[in-house]
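Undergrad: Mind having a look at this structure? Questions to follow.
The values are calculated or read from the model by the stated rules, or taken from the named source; none is laboratory data. All values derive from a computational prediction rather than experimental measurement. Note: ideal-geometry Cβ built from the backbone for every residue, glycine included; neighbour counts use all protein chains shown. What goes into the accessible areas is simple: the full protein's heavy atoms, side chains included, and nothing from ligands, DNA or RNA. Shrake-Rupley method; radii C 1.70, N 1.55, O 1.52, S 1.80 Å.
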Amino acid sequence: MREHIELSELKSEIAQQPVSLLFVKMANCSVCDATFEKTKELLKSYPQIEFLVASIERIPSLSGEFLIFTAPTILLFMGGKEVFRQSRIVVFGDLERALQLSVEAH
């Protein structure tokens with residue numbers, strides 16, 4: 001897991017990885033903190049998925065680039081293409097199902 005501070009670097013890493021999960025958070029967001037910890041714990045079972053983290057305050061252009069309107073937002077990418085998204089309220093059963101499918105597909 002690595003927190004990115006530049007949009008170009010983040011986009012490049014997403015494009016290079018077969019499967020990656022981007023977690024977008026905001027400062028002083030208790031929902032973000034709780035969701036981040038649960039997501040981090042879940043991804044321990046999926047070491048083949050690259051875990052990327054970005055803050056909307058550090059990279060304001062994330063909003064426009066990925067059409068993110070709230071935090072937390074979780075984006076799952078396969079081959080650089082978005083295949084799954086959840087914002088604000090994360091249903092971890094759906095997220096885990098998407099992770100399983102992405103790993104099986106690759």
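Undergrad: About its Cα centre, how strong a charge dipole does the chain have in debye, to the nearest 20, once Lys and Arg get +1 and Asp and Glu get -1 at the Cβ?
TA: Details: 11 positive and 14 negative charges, 31 e Å.
Using Cβ point charges on Lys, Arg, Asp and Glu, the chain gives about 140 debye.
Undergrad: Which whole-number value in Å² is the accessible area per residue of the chain, probe 1.4 Å?
TA: Details: 5790 Å² over 106 residues.
Normalised by residue count, the accessible surface of the chain is 55 Å².
Undergrad: Measuring from a point 7 Å past the Cα of Lys11 along Cα-to-C-beta, which residues in the stretch 55-76 have an amide N at less than 19 Å?
TA: Label zone hits: 55-69, 75-76.
Undergrad: With each run of n ≥ 4 DSSP H residues scored as -39500 (n - 2.57), what mean residue ellipticity at 222 nm is computed for the chain after dividing by its residue count and rounding to the nearest 500 deg cm²/dmol? Walk me through the intermediate numbers first.
TA: Numbers: 4 runs with 43 residues, N = 106.
Result for the chain, helices only: -12000 deg cm²/dmol.
Undergrad: With viscosity set to 0.692 mPa s and temperature to 37 °C, compute the Stokes-Einstein D of the stretch 45-89, Rh being the Kirkwood radius across alpha carbon pairs; µm²/s, no decimals.
TA: Answer from the Stokes-Einstein relation: 283 µm²/s.
Undergrad: For the chain: lysine pairs with Cα atoms under 20 Å, gap of 8 or more or different chains, count?
TA: So the count of such lysine pairs works out to 5.
Undergrad: Over the Cα atoms of the chain, what Rg and Dmax result, in angstrom?
TA: 12.5, 36
Undergrad: Put a dot 7 Å past each Cα toward the Cβ at Ser45 and Asp94; how far apart are the dots in nm?
TA: 1.8 nm
Undergrad: Also: List the relative contact order of the stretch 21-106 as a percent without decimals, with contacts defined as Cα pairs under 8 Å and 6+ residues apart.
TA: Working: 93 pairs, mean separation 29.1, N = 86.
Relative contact order for the stretch 21-106 comes out at 34 percent.
Undergrad: State the percentage of accessible surface on the chain attributable to carbon and sulfur atoms; use a 1.4 Å probe and exclude ligands, DNA and RNA.
TA: On the way: 3020 of 5790 Å².
Result for the chain: 52 percent of the exposed heavy-atom area is carbon or sulfur.
Undergrad: Also, quick follow-up: Just to check I understand the Karplus step: with θ = phi - 60° and J = 6.51 cos²θ - 1.76 cosθ + 1.60, what whole-Hz values come out for the stretch 58-65, glycine and proline as x?
TA: 6, 10, x, 6, 4, 3, x, 5
Undergrad: Continuing with this model, one more query. If the chain between Arg58 and Thr70 were fully stretched, how many nm would it gain, using 0.36 nm times the residue separation less the Cα-Cα distance?
TA: Values: separation 12, 0.36 × 12 = 4.32 nm, distance 1.47 nm.
Full-extension gain reported as 2.8 nm.
Undergrad: In whole Hz, what ³J(HN,Hα) sequence does the stretch 3-20 give by Karplus (6.51, -1.76, 1.60; θ = phi - 60°), x for Gly and Pro?
TA: 8, 9, 10, 10, 4, 4, 5, 4, 4, 5, 5, 4, 5, 7, 8, x, 9, 9
Undergrad: Quick check: the distance between the Cα centres of the stretch 73-106 and the stretch 1-60, to the nearest angstrom?
TA: A separation of 12 Å, based on Cα centres.
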